[in-house]
Amino acid sequence: MKLAQRSTAEREAELERCELCGAPIPAQHSHVLELESRDVKCACRPCALLFERTEKLRLIPGDVRRAEDVELDWEALRLPVDIAFFFRAGGRMRAYYPSPMGPTESALPVAVPVELEDDVEALLVNRTRGARQQWIVPIDECYALVGLIRTRWRGLTGGAEVWDELQRFWARLERRSR
């Protein structure tokens, strides 16, 4: 009996924890966005449902959808890179692009013809190396992309590791969008 209890306690210690109540949560779990700080928090199912739509927290949806029908005039957006994400916060559409220094906001006003759930959904665009991919994604996917680039980028061109990781990231979004 003691061996079984220790094993359970060890397994629980390895699990992630809900950042709202402290309960253990599995690897696949919900996230909520703290609106004021824009912090993403891991949430157990009860907390995710409880805080689905409050003044301070918003449940981040899990769906990924292709957005091939969204027409963007990339030249008019005047972004200096080929990866960007767009979301609406505070009633204003914002454009960000990931960089080795973290997310960088475009200071230029942007108009993107797409319906997004405020704060928690984004249009993610990949135009690298000839790609023309667009998805509507949960905002935490954009932050995961920023983290990937920030931690894997080496030198001026990023290095082979970051480009391999980016290919896996795009492939994962494609699989999820089907």
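List of remarks:
- The ranking of M93, M101 from fewest to most other beta carbons within 10 Å of each one's beta carbon is M101, M93.
- Note on the chain: semi-axes of the ellipsoid equivalent to its C-alpha gyration tensor, largest first and rounded to whole Å, are 32, 21, 14.
- Computed on the chain, with alpha-carbon pairs under 8 angstrom and 6+ residues apart, the relative contact order is 17 percent.
- Segment 114-158: C-alpha gyration tensor shape, a/c 1.5 cut-off, then a/b vs b/c: oblate
- The gain in end-to-end length when the A27 to D82 segment is fully stretched comes to 16.7 nm, 0.36 nm per residue minus the alpha carbon separation.
- Cα point-scatterer Debye curve for segment 95-136, base-10 log of I(q)/I(0) at q = 0.18, 0.25, 0.27 Å⁻¹: -0.66, -1.16, -1.23
- Over segment 44-116: Rg over Rh, Cα atoms, Kirkwood Rh: 1.03
- The peptide list 161-168, 82-89, put in order of mean Cβ contacts within 10 Å with the highest first, becomes 82-89, 161-168.
We did not get these values from a lab; they are worked out from the coordinates using the rules stated. The structure presented is a predicted model; accordingly, all values stated were derived computationally and were not measured. All Cβ positions, even for glycine, are placed from backbone atoms using ideal geometry, and neighbour counts span all protein chains on display.
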